[in-house]
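Step one of this worksheet: look at the structure below.
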Amino acid sequence: MDGGIAAVAMGGAGLLTGSLTATFGREKPGADAKAKQSAVPAPAAAPVTVDAASVPVGGSAQVKDPASGDAVYVVQPKAGQYCAFSSVCTHSGCAVDAPKDGRLYCPCHGSRFDAATGAVVTGPATRPLPKYRVTKEGDKLHLGPLEAQGGS
Ligand code: FES
């Protein structure tokens, strides 16, 4: 009778071992998939998109250049015309204020830039603000690459 119980116990152990093997066997492909995912290079910086409704005519929305981390003003100087300018003043690198009355003002030394073109209106800055391409798709605005650097 004792032998019968031992055989049942061993059989139970066998079932248990088989169960553990099966469990580990199922987890292994998942672990491999994770290893493969970590080997994939990180994607490029996410595209920057804003709601067109958040950029009123004459106003702006502030976003961030994913490459530089600098603040960027997306503006709509005329109805349906969208563009964007770096907030980094081309004089000495201060942050210009958000567009107001068609101008971007730098509080450091008083430069003013045209909010429709980025051109210098009043120095001491001599180079325009870097301009980004903006494309409209439905009710979304997508920040594109820099169209022109602030100088040369
Ligand atoms: Fe903007 Fe000097 S840094 S005017």
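Close amide-amide hydrogen proximity is noted between GLU147 and LYS131, TYR132, ARG133, each under 5 Å apart and 5 or more residues distant or on a separate chain (H modeled in the peptide plane; Pro and chain starts excluded). Taking K and R as +1 and D and E as -1, what net charge do the other residues with C-beta under 13 Å from the C-beta of ALA84 add up to? Taking every Cβ under 13 Å from that of ALA84, the sum is +1. Averaged over residues, the count of other Cβ atoms within 10 Å places the peptides 139-145, 126-132 in the sequence 126-132, 139-145, highest first.
Please compute the modelled spin-label separation between LYS64 and GLU137, points set 7 Å along Cα→Cβ, answer in nm with one decimal. Label-label distance for GLU137 and LYS64, simple model: 2.2 nm.
All of the numbers you see were taken from the coordinates with simple rules; none came from a lab. A quick note: this is a predicted structure, and the numbers were derived from the prediction, not measured. Cβ: placed from backbone, ideal geometry, glycine included. Neighbour counts: every protein chain shown.
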